[in-house]
Amino acid sequence: MTAAEFMKFLVALAKEVSADRGRARDLGITEDELAFYDALAADPSAVEHMEDTLLAKIAHELYEQIRNDVTVDWEIKEQARDRIMARVLRLLREYGYPPDRQPSAIERVLKQAEDVADMLA
């Protein structure tokens, strides 16, 4: 990669980060919560049936619950992972997330939790 290509990459990355900050601000959530929002909104069917504000509210609650449950080694403790999965499922049901889309949403949320576990622990 040349210096010019690298600079172009950095500019594109900065624009993407700025856009994500703007989306988070517009939704009234943090950037960390936006990652969970994106995990929930990855399914077009869910977005059709639920408003952005409701998905943002779920994302906020998911982040808070996961933040409170994550321990340093949570991803290797099946019990902790199961507890988080149960809480995610409860929240999705509570807010009417489409039942046929819940399993894939849970997997995306758990993957996101794994990605941020080091930061949260």
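Consider segment 33-72 and keep the residues that are surrounded by fewer than 18 Cβ atoms within 10 Å (Cβ to Cβ) and small (G, A, S). The one that is farthest from the chain's Cα centre (by Cα) is S45.
Among the residues of segment 21-32, those identified as surrounded by 12 or more Cβ atoms within 10 Å (Cβ to Cβ), at pLDDT 85 or above and of a type outside the set (S, T, N, Q) are A24, R25, L27, G28, I29, E31, D32. Considering segment 7-21 alone, what residues qualify as being more than 19 Å from L34 (Cα to Cα) and among the basic types (K, R)? Answer for segment 7-21, where residues must be more than 19 Å from L34 (Cα to Cα) and among the basic types (K, R): just K8.
For every residue, the table says whether it meets (1) charged (D, E, K, R); (2) modelled with pLDDT of 85 or more; (3) not in a helix (DSSP H, G or I).
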position	(1), (2), (3)
L10	no, no, no
A19	no, no, no
Y37	no, yes, no
S45	no, no, no
L55	no, yes, no
H60	no, yes, no
N68	no, no, no
R83	yes, no, no
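The values are calculated or read from the model by the stated rules, or taken from the named source; none is laboratory data. Keep in mind the model is a prediction, meaning the values are calculated, not measured. Every residue, glycine among them, receives a Cβ derived from its backbone with ideal geometry; neighbour counts consider all protein chains shown.
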